């Protein structure tokens, strides 16, 4: 490990410096504050490198993971009356659960299957992440905070009163005293409500209503009417430096340059700007309330979100691992990488950090700076810890608008422009009357729109289901096309059928099954019995190319065979393979509907039976 120490040292230090402003920005964006982003970067970077399967990977908070984390944090904070400290144990428990799920994914060997997630789903999700980050940073970039707008908050006072009363009634129900005779207790508790309590609840409701993409657009007119020009100037200066400095050189991280320059000027000149939340000094301490205040009821609604975080982190990390492999000509271990990422996220959650994944930009910087082993990722984590201990009070003076500017550039950069540019050229495989649409474009846009304005977790689930259904339809259509039910005189004969007696063409119907008989290909097969002419007395079903039959296909076969039997026709199976044979024996299709003497190993033996048993009724 220490053979390449010099390169690992430079790579780790450089990657850590690049990670610093992003960690602070993602922490602020998540809703838990800059320290949560920094803690996440420290522990995920160190432990994911130590236990992971990609030598040069640098891990930490990323835009996609932060966007999903925002959903968890906002929903749980809202349930806890807007009190982040009160909600923190439940939030961190969800993050811990996501880390444990990642470890589980690695241990059961699912790492190699992540690559099968459809690209349109990933593309739509990444673009939505960019939209969410970009839009939600408009308010802090212009210096507008809904909770501090007294006129806006005043609109929620009546709703706040209802919410407080509802909470009182819920508390009494939990205590078992919510009965008609004890409404005096309700009145007593209600009389203790102060204007400060009402205002606090109204601020919580106002902040909740103004959150997310739709919430931002809702309050955008008020924000534009109350622009803090100093905050906007700091954000714009940050953005311009980040994009402009890249044109000068890429050897120095432009994000770090923008952070230092704009923050230094703002602090040095003594501008009256809004700083970020104070970063605690000293070593990070574990939040043991995760265990002492554990409640299954508080996390059960978010278990699917935890799984989404785990899967998203896995995809994010393994994609970065592929990039690292291409740059270093090495081969990562996907399952070990998932275990490492899971351990990193689990430890980070215990210490109050937000979850993360393998970060492509930081990994590339590490490799280009000489990093070759996992020591580089561990050094990056240690460097961030040193910065926390030594410069925590200094970092607390960073303007909030600067981090908003950094996140705007992150939002612009994370969008999948490659996927968006491909939209006009993707095949249009859906026909709605005269309208032709592309299923891949529909999936991409559906995920993007639903993720942006509704729910990231549900949008991805809907995208996956839609993509799976479209795939199954395409496979079913292809199989059905190959297995088209045609009369013998129209269906192209196989090589061993060329000498079939012409005098029996009206009495014998031959069906070729090409490909699997499964739920996506049974619709045409169901019509087989109806398409066989009344002149036929025997049906030959050739099954040498039907490798697989699922339960839907099995029952479709049973229905067709029953119909043919009711019509008095003999059905002959030729060259049936092992799996279909096993399936049909399990429900007694063989021998109840197809006796053993009607099953033939080849077409020649089947022809012998036909010549002996089928009479030419239509000479």
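Restricted to helices (runs of 4 or more DSSP H) entirely inside segment 90-157, those with at least 1 residues that are within 27 Å of residue 426 (Cβ to Cβ) are 119-136. Within segment 530-557, the residues that satisfy the criterion of being under 22 Å from residue 602 (Cβ atoms) and in contact with a strand residue (DSSP E or B) (Cβ under 6 Å, 6 or more places away or on another chain) are 536, 538, 539, 540, 541, 542, 543, 545, 546, 549. Sub-6 Å Cβ pairs linking a first residue in segment 293-319 that is assigned by TED's automatic domain parsing to the domain that holds residue 64 and within 18 Å of residue 99 (Cβ to Cβ) to a second residue that is part of a loop (DSSP other than H, G, I, E, B) and at pLDDT 80 or above, at least 6 apart or interchain, are 309/355; 316/62, ordered by first then second residue. Screening the candidates 162, 151 for the property of being farther than 22 Å from residue 356 by Cβ and modelled with pLDDT under 85 yields one hit, 162. Just to be sure before I move on: is residue 263 surrounded by 23 or more Cβ atoms within 10 Å (Cβ to Cβ) and in a helix (DSSP H, G or I) in the structure I sent? Yes, satisfied.
Residues checked against (1) modelled with pLDDT of 80 or more; (2) part of a helix (DSSP H, G or I); (3) more than 28 Å from residue 63 (Cβ to Cβ):
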| site | (1), (2), (3) |
| --- | --- |
| 459 | yes, yes, no |
| 472 | no, yes, yes |
| 475 | no, yes, yes |
| 481 | no, yes, yes |
| 484 | no, no, yes |
| 487 | no, no, yes |
| 503 | no, yes, yes |
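Restricting attention to segment 347-381, the residues that are modelled with pLDDT of 90 or more, within 22 Å of the chain's Cα centre (by Cα) and assigned to a loop (DSSP other than H, G, I, E, B) total 4.
May I ask you to list the residues in segment 407-440 that are more than 20 Å from residue 452 (Cα to Cα), in contact with a helix residue (DSSP H, G or I) (Cβ under 7 Å, 6 or more places away or on another chain) and either modelled with pLDDT of 85 or more or assigned to a loop (DSSP other than H, G, I, E, B) (or both)? Matches in segment 407-440: 426, 429.
Residue 193 meets the stated requirement of being out of contact with any strand residue (DSSP E or B) (no Cβ under 6 Å at 6 or more places or on another chain), assigned to a loop (DSSP other than H, G, I, E, B), over 18 Å from residue 133 (Cβ atoms) and outside the structural domain of residue 79 (by TED's automatic domain parsing). Of all residues in segment 560-575, those satisfying the criterion of being over 16 Å from residue 508 (Cα atoms) and out of contact with any helix residue (DSSP H, G or I) (no Cβ under 8 Å at 6 or more places or on another chain) are 562, 566.
The helices (runs of 4 or more DSSP H) located wholly in segment 1-86 that include 3 or more residues which are touching a strand residue (DSSP E or B) at 6+ places or on another chain (Cβ under 9 Å) and within 22 Å of residue 99 (Cβ to Cβ) occupy 5-30, 34-51.
What helices (runs of 4 or more DSSP H) lie completely within segment 522-617 and have 1 or more residues being farther than 27 Å from residue 472 by Cα and not assigned by TED's automatic domain parsing to the domain that holds residue 472? Full working, then the answer.
Details: elements: 522-525, 528-531, 551-566, 578-586, 589-592, 603-613.
Filter on segment 522-617 gives 551-566, 589-592, 603-613.
Residue 515 falls short on exactly one of the conditions (1) surrounded by fewer than 21 Cβ atoms within 10 Å (Cβ to Cβ); (2) within 16 Å of residue 559 (Cα to Cα), and that condition is (2). Looking across segment 558-578 at every residue that is over 13 Å from residue 530 (Cα atoms) and in contact with a strand residue (DSSP E or B) (Cβ under 6 Å, 6 or more places away or on another chain), the one that is surrounded by the fewest Cβ atoms within 10 Å (Cβ to Cβ) is identified as 575.
Could you tell me whether any residue of segment 293-301 is modelled with pLDDT of 85 or more and in a helix (DSSP H, G or I)? No, the conditions are met nowhere in segment 293-301.
The values are calculated or read from the model by the stated rules, or taken from the named source; none is laboratory data. Predicted model only: the values in this text are computed from it and were never measured. Note that each Cβ is placed from the backbone with ideal geometry, even for glycine, and that neighbours are counted across all protein chains shown.
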